[in-house]
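Comments concern the structure below.
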Amino acid sequence: MFSFEGQHITSEFTQVQPSTAQAAITSSSPVDFCRYRDVDWRQFKHDFGPKTMSTNRFLSAIKNERLGLMMILASLIVIMVTVFLLFSYQQKNGETHIREQGANLARILTSIPFEQLTSSSNINRLFSVLQHNSDNTAFAYLAIADIHGEILSETTSPGIIVPTATVPNKPSAWLGERKLTLPSNERNVQEFHAPLFDNGEIKGHVRLGYFSPVFGLSKNQIPLFATFALPIFLLTPLFYFLIRRELRPIVHVNNQLDELIEMSTDSKARLTNNDNLHDLMTRFNQIIISTQQRIGELETDRSKLVTSTKLLSYKRSRIESILQSLPDAVMMLDESGSVSLINNKICTVLGVSSENIIGKKPAEWCSNPEIVTFITNHECKMTRVCQAESMEFTTPEFPDRTISISPYPLFSHSNNSQIIGTLIIFHDITAEKLSINRSSEFVAHLAHELKTPLNTLAMYSESLQGEDGSNEEFRIEAANVIHDEVERLALLINNILSITKIEMGSIGVDRKRVKLRELLQDAFETCARSGQEKNIDFRLDLPRDISPVAMDKSLIRIAINNLLSNAIKYSDPGGSVTLTVEETDHSIRISVRDKGIGIALDDQKKIFEKFYRSDNDSVREREGHGLGLPLAREIIQLHHGTLSVNSKPGEGTEFIASFNKETEFFKQAS
Amino acid sequence: MKRILLVDDEPHVIRILKLSLIKAGYEVAEAANGIQAINNISQSHPDVLITDIDMPRMNGKELCMHIEKTLPERDFMIFVLTARADNEHRVWTRSINNLEFLEKPVSIRKLLARLHEHFTDLAQNEEEACLTAQSTQ
């Protein structure tokens, strides 16, 4: 609802949408507002004008106080009825009383002889006695009248004139009562008249008048009534003030609720300030509603918070699990150089427990002074970025394990140029070192293997250049040796290249459908030719049908060649070399068997290592680089097969290349 | 005649060195590995020991160590020939007296020159020692 204040419209109740209210609470005039809102101005004024407003207000006030008003009305009605009944009772009572008195007194006076009554002194005495005895307030007059109605003597209440009235002549009506109206003040008088006799003769009448009791309060009663009414009227304001004082807390509460409402919501407008209890309840309800709303909002916020906290803690635990799962030990130092975060691998690397080191500087818990010095020197502070150096150390508990320490600066997530600490990573480089060592060893081996034939070539060629060069015999010998050494060297270099390529994975396995039978036959025949001089018995045992396989022909040929040439090399003259193929449902096995010098059990573990040659004299007296078997194995493994050895020194050796038929090699081929 | 012990598992090396050394006027004995060399030395000390490192059974380093331990008053020169030129070998070869390290491929001419130099020095020292001994008398 709106009310006008001059030209402006202010909103008062909240029945209207705030937006409309706010639209109105511009300083536009009501006319403009109506024009804006497309409302008929006159109708608007009618609906929202002041008169209608106050009427409406009045009507609503009445509506609010229904109960109170009805109670008041009811009590008023009851009071009126009671008072009415009381007054009528009073009147009737008065009348009855008067009648009794009047009638009795008239009767008494009738019996008094006339003469006595005419004597004024007697009358006065009589009257005074009567006046004292009777109910004085109602007494109007007492008059003695003669037959003709002339008043002989009288006594009246002050200010009363006896009304002239004739007593009826009829004897039956001599004793009676009647109503008269006093002329002076128009009060009704109830008159009792009785005849007065003297010796049996009617001489006159006695007329006794009493005021008729009025309905309501007579003048006499007013003082009394006033005396009662005054304290009541005095008490009423007192009670009013007392009640008001009692109600003040409610008013106070009302005001406070007002403030609460204003605080709790932004857009609610103020209610009218009404001390009414109903309003209190309404406002209280509003408070409850707005509080519930607020609670609802808080609940939503809380559940959002819970969700986001859960999300955060999920993310955090994810990061935490990453941290703990890292293969390296991680330590974070804060700007002061104290440990602020570690993962659980630190305990195994440094041999300390997490409680002992968090919050402390390395010097306090680290037993290795080198590590302490290194860490302290490489802390990243403020703008000084730690040098990118690494340190290696081993612990006495694990002497074979090498750990490298690498410091890194920790940059703030929000500000990339701000350093917030140092990240130290402990990385187990045992394997790397091992690998480096192996590489160094390999290179050393390689150098040695290459330099050895080179050395022979150098010496022989140098000799040829000198005096010995003129010697024909020497020349022939030198030429042969040089030729052999060059062949050896070429073979070595090829083997090295092959094996290195395979290990690095840079060799492409050219898988094609291969007829194993042909390949093996071919290889066998080549080897058999070269081994013929040694007088070795060569046997080939191949089934007629071998399942086709998908293999790299050249690589497999190298492998089979190596096996066959080994068999020939390490066989004594008169020995035998057999090449067999066996096929089952699940596998194909190629076996190269010889009856040569055999391989010692200790050596069997090492023969597949690059450059390994047994120390055995009978092995050493035969030339070799120690690469044939490693290469063969690599090639076979490249085809998802295995190379195994059975041997007994002095009896012979068998090498078995076994290929699983479930692998792609076979599925591709078929 | 000066006696030289050749130790190498490569028969070609032994052959060509032997040829050249005999031609230069030395007496040459040979061994194919460390153990054979020790046997030879125990029978009679050579004047010079020329050995390879990589040999089966007992390699050159082990041989030299053994000699150091068992013959501390050794008076013959050791030449170690090897294709292995890594630091490790330089280190241990430096720590032993009267031991020289020669890297393969070895030039025969240089080896012969070196031997000649060695023996000349040896002879000079002996002469000086004699002269000193004579003068003190």
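The values are calculated or read from the model by the stated rules, or taken from the named source; none is laboratory data. Please read all numbers here as calculations on a predicted model, not as lab measurements. Note: ideal-geometry Cβ built from the backbone for every residue, glycine included; neighbour counts use all protein chains shown. Each accessible area value is taken on the protein alone, full model and side chains, heavy atoms only, with ligands, DNA and RNA left out. Shrake-Rupley method; radii C 1.70, N 1.55, O 1.52, S 1.80 Å.
As a length-normalised measure over Cα pairs under 8 Å and 6 or more apart, the relative contact order of the stretch A:590-668 settles at 40 percent.
Near the amide H of B:Lys2, within less than 5 Å, lie the amide hydrogens of B:Glu27, all on another chain or at least 5 residues away, with H placed in the peptide plane.
For the stretch B:23-137, the relative contact order comes to 19 percent (Cα pairs under 8 Å, sequence separation of at least 6).
Computed from point charges on the beta carbon alone (+1 for Lys and Arg, -1 for Asp and Glu), the dipole magnitude for chain B about its Cα centre is near 340 Debye. 3J(HN,Hα) along the stretch A:565-570: 5, 4, 4, 5, 4, 9 Hz, from the Karplus curve 6.51 cos²θ - 1.76 cosθ + 1.60 with θ = phi - 60°, whole Hz, x for Gly and Pro.
Highest mean packing first, where packing is the average number of other Cβ atoms within 10 Å per residue, the peptides A:243-256, A:296-309, A:449-462 line up as A:449-462, A:243-256, A:296-309. Among A:494-501, A:186-193, A:397-404, the peptide with the highest mean count of other Cβ atoms within 10 Å heads the list, and the full ranking is A:186-193, A:494-501, A:397-404. The trypsin sites (Lys or Arg not before Pro) of the stretch B:26-134 include none that meets both criteria, a DSSP state outside H, G, I, E and B (loop) and at most 12 other C-beta atoms within 10 angstrom of the site's C-beta.
The amide H of A:Phe611, built 1.01 Å from its N in the peptide plane, has A:Leu627 as neighbours under 5 Å, considering only residues 5 or more places off or on other chains. When you filter the trypsin sites (Lys or Arg not before Pro) in the stretch A:191-230 for DSSP loop state and at most 16 other Cβ atoms inside 10 Å of their Cβ, you are left with A:Lys219. Neighbouring Cβ atoms from other chains, within 10 Å of the Cβ of residues in A:242-251, number 0 on average. The order of B:Met65, A:Met391 by accessible area, most exposed first and with a 1.4 Å probe, is B:Met65, A:Met391. For the stretch A:491-650, the share of alpha carbon pairs falling in successive 10 Å distance bins from zero is 10, 40, 38, 12, 0 percent.
Each peptide among A:558-564, A:101-107, B:119-125 gets the average number of other Cβ atoms lying within 10 Å of its residues, and from highest to lowest they stand as A:558-564, A:101-107, B:119-125. Computed with a 1.4 Å probe on the full set of protein chains, the accessible area for A:Tyr408 sits at about 110 Å². Between A and B, roughly 2200 Å² of accessible area is buried in total, ligands, DNA and RNA not counted and the probe set to 1.4 Å.
Charge dipole (Cα centre; +1 on Lys/Arg Cβ, -1 on Asp/Glu Cβ; no other charges) of the stretch A:592-670 amounts to roughly 180 debye. In the stretch A:223-264, inverting the average of 1/r over every pair of distinct C-alpha atoms gives 12.6 Å as the Kirkwood radius. The order of B:Ser44, A:Ser506 by accessible area, most exposed first and with a 1.4 Å probe, is A:Ser506, B:Ser44.
Using a/c under 1.5 as the rounded threshold, could you call the stretch A:583-656 rounded, prolate or oblate? The axes a ≥ b ≥ c are square roots of the C-alpha gyration tensor eigenvalues, and prolate needs a/b larger than b/c, oblate otherwise. Note, shape of the stretch A:583-656 comes out oblate. Kirkwood's formula applied to the C-alpha pairs of the stretch A:447-547 gives a hydrodynamic radius of 17.6 angstrom. Taking all protein chains together and rolling a 1.4 Å probe, A:Ser644 ends up with roughly 60 Å² accessible.
Averaging over all projection directions, the Cα-based convex hull of the stretch A:580-619 occupies 4.1 nm² in the image plane.
DSSP beta bridges confined to the protein assembly as shown are antiparallel in about 75 percent of cases.
I want the antiparallel fraction of DSSP beta bridges within the stretch A:534-596, as a percent rounded to 5. Around 60 percent of the beta bridges assigned by DSSP in the stretch A:534-596 are antiparallel ones. Amide H contacts of B:Glu30 (H built 1.01 Å from N, in plane; Pro and chain starts excluded): B:Leu6 sit under 5 Å, all sequence-distant by 5 or more or on other chains.
Among the GluC sites (Glu not before Pro) in the stretch B:54-120, those placed in a DSSP loop whose Cβ has at most 12 other Cβ atoms within 10 Å are B:Glu73.
Couplings for the stretch A:537-549, taken from phi via the Karplus curve 6.51 cos²θ - 1.76 cosθ + 1.60 with θ = phi - 60°, read 7, 9, 10, 10, 10, 10, x, 5, 10, 10, 4, x, 10 Hz in order; Gly and Pro are left as x. The mean number of partner chain beta-carbon atoms within 10 angstrom of a residue's beta-carbon across peptide B:102-108 is 5.
Accessible surface ranking for A:Met332, B:Met1, 1.4 angstrom probe, highest first: B:Met1, A:Met332.
Summarising the overall dimensions of the protein assembly as shown from its C-alpha atoms, the Rg and Dmax are 71.7, 224 angstrom. Round to a whole angstrom and tell me the spacing of the C-alpha centers of the stretch A:558-604 and the stretch A:319-349. What the calculation gives is 54 Å, centre to centre. Partner shielding of B:12-21 amounts to 5, given as the average count of beta-carbon atoms from other chains within 10 Å of each residue beta-carbon. For A:Met71, the solvent-accessible surface computed with a 1.4 Å probe is close to 130 Å², ligands and nucleic acids excluded.
Strictly greater than 19 Å: what percent of every Cα pair in chain B meets that? Value for chain B (Cα pairs over 19 Å): 51 percent. Computed from Cα atoms alone, the Kirkwood hydrodynamic radius reported for the stretch A:605-644 is 10.8 Å.
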